[in-house]
Amino acid sequence: MARPQPKDSLEAYKHISPDSGFPTIIHPHFNPKIAAHIPPDPLREEIIPPKDRAFFADPEKKALFSVAKPVDLTESIGTELQGVQLSQLNGTQLDELAALVNERGVVFFRDQDLTTEKQVELFEHFGILDKHPAQKDQRHVTIKGSNADWRDVSNYTPWPNAEFHADTSFEINPPSYSLLRMEEHPPIGGDTAWVSQYGLYDALSDHLKKFIDSLHAVHTSRLQYDTIIDSWGGQPNRPPIDTHHPAVRTHPVTGLKALNVNPGFVIGFAELKKAESDALLGFLKLHIHSADDHYVRWKWAVGSVAMWDNRVTIHRVIPGNYPPNSRTGVRTTVFGEKPYLDPNSESREQRERRLAEEKVVKANGAEKTNGIAIHEAKGTDLGAS
Ligand SMILES: [Fe+2]
C-alpha cells in the first residue's frame, strides 16, 4: 500500500516550488499558524515531587512476585509480568513494581482490564500527574497511530517525529514514569521500541564516558511545538522551552548512571561549539540506533500495557503502513525530579563488576576460614581449592 503524502496541513505545502513541484521549506517563524498561536498557560517552575515510591519497596519484591511471574525479554531491558491484573495490585505491590521498572527500564502486561478511570487512580500512586503540552485532559493523553513516511515529513517540519525520546525530557521536571495502555490496535504494525540508557552509557569507552559526564544536553520543546501546530493542527497549552540537563544523570533510587541524551528532543551540548556538538549528537544517534543488545521491541494488542522509566530509557513507535485510526492508547505520566549527576555514582556494569569482586573476596575469605578446617580434615592442598 502506498503511503499518503505528508500532511496537507503543513504550511510548506502551501508554497510549492514551480521548479520541482515540491513544497519549499520555510522557517517556522514565517509560518503564520505558529506565529499567531498564543499558549494559554504560563511556563512551569521547578517542583519537588513526592519521594519516589520505589524507595518504599522490598528489593526482593516478594509481594509482587507472589502474584506475578516475571519473564525477562532481553538481558539488558524489558520484563513481562505474567498472570496478573494491574487493577488488583495493592500499594506494596505497586511500590515493588516501581522498583522493577527502575531496574528493568520497562515492564509489560497483556490482557489488562484497566479502565481510563482506574489507570488514572492507579498512576496517582506514583506521584503528581504531568500534562503534555498537547494534552487537553488534565490527567491523561491519547496516543494515536501514524502511517506517514517520517523520512519524508522530516523534509518539511524540523521535529524528528518518530525518533527515540524520553517523554517531554525538555521539562525542568521531566517525567519519571509513563504508562501506556492500548485500547485499539491493528493486528500488525505500531510496535514500540525501548532502549536502555543504563546500557547505552556502559557501551561507551571509558574516555568518552568521562567526557560526556562533563556535559549538559540542551533539550528543547521548540521543534515539537512547531510540529504540534503545523503538522498535528494542535494548540500547545504552554510556550516552548529549552532546558540544560546533565548529559549523564544518576537515578535517584538505583543510584546508577544513565545517558540522558535523546535525538527526539536534544539539539546539542551547552559546553561545545556547534560543529563539535553536531558531531557528538550524530555519533550518539548512531550509538542509539545500533544498540540491539540494549533494545526491546513490544508488539501491542488491545489491553496490553507498558510502564517505563523515562529516566533510564528512551522509546519510539516504529513507523508503519497500518490505518492510523486503528491505534489508540491512553498514557498517564508523573513528574520526576530535576535531573542531576552524582559524580560518585557508578554505572550498571561498574556495579555488577564491583559486586562480583566483593563476592569473590568474601568467598575467598570464607574459603580461607573453611579451608583450614577442610585442609585439616582431608589433608588437601589449600592452593588447589
Ligand atoms: Fe513517548
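The values are calculated or read from the model by the stated rules, or taken from the named source; none is laboratory data. Because the structure is predicted, anything quoted here is derived from the model rather than measured. When we count neighbours, we look across all protein chains shown, and the Cβ atoms used for this are built from the backbone with ideal geometry, even at glycine. To get the accessible areas, we keep the full protein, side chains included, count just its heavy atoms, and leave off ligands, DNA and RNA. Shrake-Rupley method; radii C 1.70, N 1.55, O 1.52, S 1.80 Å.
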For the range 232-273, give me every one of the strands (runs of 3 or more DSSP E) that falls completely inside it and has 3 or more residues that are over 29 Å from Lys51 (Cα atoms). 266-269
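Could you please find all residues in the range 14-70 being among the hydroxyl-bearing types (Ser, Thr, Tyr) and at pLDDT below 95?
Taking the range 14-70 first, the residues among the hydroxyl-bearing types (Ser, Thr, Tyr) are 17, 20, 24, 66.
Residues satisfying the conditions are Ser17, Ser20, Thr24.
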Can you tell me which of (1) in the same structural domain as Asp95 (by TED's automatic domain parsing); (2) modelled with pLDDT under 95 is the one Gly379 doesn't meet? (1)
In this structure, does Arg297 turn out to be within 16 Å of the ligand (Cβ to nearest atom), over 30 Å from Ile47 (Cβ atoms), at pLDDT 95 or above and open to solvent by 10 Å² or more (accessible area, probe 1.4 Å)? yes
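Looking only at the range 303-331, count every residue that is in a loop (DSSP other than H, G, I, E, B) and within 11 Å of the ligand (Cβ to nearest atom) and tell me the total.
Matching residues across the range 303-331 total 1.
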For the range 125-178, how many residues meet the condition of being touching a helix residue (DSSP H, G or I) at 6+ places or on another chain (Cβ under 7 Å) and within 22 Å of Leu86 (Cα to Cα)? 6
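Counting just the residues of the range 254-267 that are surrounded by fewer than 20 Cβ atoms within 10 Å (Cβ to Cβ) and more than 16 Å from the ligand (Cβ to nearest atom), which one comes out nearest to Ile172 (Cα to Cα)?
So, considering only residues that are surrounded by fewer than 20 Cβ atoms within 10 Å (Cβ to Cβ) and more than 16 Å from the ligand (Cβ to nearest atom), the one nearest to Ile172 (Cα to Cα) is Ile267.
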From the list Val361, Val266, Val261, Val248, which one is free of Cβ contacts under 8 Å to residues at least 40 places away in the same chain and over 24 Å from His125 (Cβ atoms)? Val361
Can you say whether Leu86 is assigned by TED's automatic domain parsing to the domain that holds Pro252 and surrounded by 18 or more Cβ atoms within 10 Å (Cβ to Cβ), as far as the supplied structure shows? yes
Tell me whether the range 130-148 contains one or more residues that are crowded, with 18+ Cβ neighbours inside 10 Å, within 16 Å of the ligand (Cβ to nearest atom) and at pLDDT 95 or above. no
Going by the structure shown, is Phe265 closer than 29 Å to Ala35 by Cα and either among the polar types (S, T, N, Q) or assigned by TED's automatic domain parsing to the domain that holds Arg151 (or both)? yes
With the requirement that a residue be crowded, with 20+ Cβ neighbours inside 10 Å and among the hydrophobic types (A, V, I, L, M, F, W, C), what does the range 219-252 give you? Ile228, Ile229, Ala247, Val248
Filter the range 332-349 for residues that are surrounded by fewer than 16 Cβ atoms within 10 Å (Cβ to Cβ), touching a residue at least 60 places away in the same chain (Cβ under 8 Å) and not in a strand (DSSP E or B) and give the result. Tyr340, Asp342, Pro343, Glu349
When you look at Pro158, is it open to solvent by 30 Å² or more (accessible area, probe 1.4 Å), assigned by TED's automatic domain parsing to the domain that holds Val296 and more than 20 Å from Arg104 (Cβ to Cβ), yes or no? yes
Flagged in the range 312-344 as touching a Gly at 6+ places or on another chain (Cβ under 6 Å) and under 17 Å from Gln197 (Cβ atoms), in numbering order, are Val312, Thr313
